[in-house]
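The structure under discussion appears below in the form of structure tokens.
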Amino acid sequence: MLPDTNILSSELKDIFCRLDISHFNSQETYQLAENCENSIAGLCHGLHFMGKTFITFAENATLEFSPESLCQLGHGLSATARLLPALLELQLTAERQLAATEPGM
């Protein structure tokens, strides 16, 4: 099976695209956009840390991982792959709504 080439798509993103936030006031919409942005940054920092950790493991010939560790890592990376595009879509939706309701945004 070929890998999914559309890395910015996920079922969660598709669901987030259908969320109706039109009933949110400006403050709630701003908080939503800000929280999405902060969550995206946190996930990216976590991925960066994991990448640096693996480089350190490789440099020090640390080659053994428990099946449980690999499973946890796999689940974490899969969740991140689903969350990043979904959070980005939700952030963009909130920002578009703010721009539509607040001129100059």
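Nothing in this text is a laboratory measurement; each read-out follows from the coordinates by a stated rule. Because the structure is a prediction, the values reported are computed rather than measured. Cβ sites come from the backbone with ideal geometry, for glycine too, and all protein chains shown count toward neighbours.
Quick one: if you stick a label point 7 Å off each Cα along the C-beta vector at ASP20 and CYS71, how many nm between them?
With each label point 7 Å from Cα toward Cβ, the separation is 4.2 nm.
Return the single residue from LEU87, LEU73, LEU12 with maximal mean-square fluctuation; model: Gaussian network over the chain, springs between Cα atoms under 10 Å.
The residue with the greatest mean-square fluctuation here is LEU73.
Please give, to one decimal in nm, the separation of the simple spin-label points placed at ALA99 and PHE57, each 7 Å out from Cα toward the Cβ.
Computed distance between label sites ALA99 and PHE57 equals 4.0 nm.
Subtract the Cα-Cα distance of PHE49 and LEU92 from 0.36 nm times their separation in residues, and report this length gain in nm to one decimal. Can you show the working numbers first?
Numbers: separation 43, 0.36 × 43 = 15.48 nm, distance 2.60 nm.
Net length gain for the segment: 12.9 nm.
For region 21-105, which chymotrypsin sites (Phe, Trp or Tyr not before Pro) pass both filters: DSSP loop (anything but H, G, I, E, B) and at most 13 other C-beta atoms within 10 Å? Intermediate values should be presented prior to the final figure.
Numbers: sites: PHE24, TYR30, PHE49, PHE54, PHE57, PHE65; in loops: PHE24, PHE65.
The qualifying sites are PHE65.
Calculate log10 I(q)/I(0) of the chain for q = 0.12, 0.23 Å⁻¹, where I(q) comes from the Debye formula with a single equal point scatterer on each Cα and nothing for solvent.
-0.55, -1.22
Taking 8 Å as the Cα distance limit and 6 or more residues as the minimum spacing, I'd like the relative contact order of the chain as a percentage. Before the final figure, lay out each step's value.
Details: 62 pairs, mean separation 61.0, N = 105.
Relative CO of the chain lands at 58 percent.
By count of other Cβ within 10 Å, fewest leading, how are SER66, SER78 ordered?
Numbers: SER66 8, SER78 11.
Listed from fewest to most nearby Cβ atoms, that is SER66, SER78.
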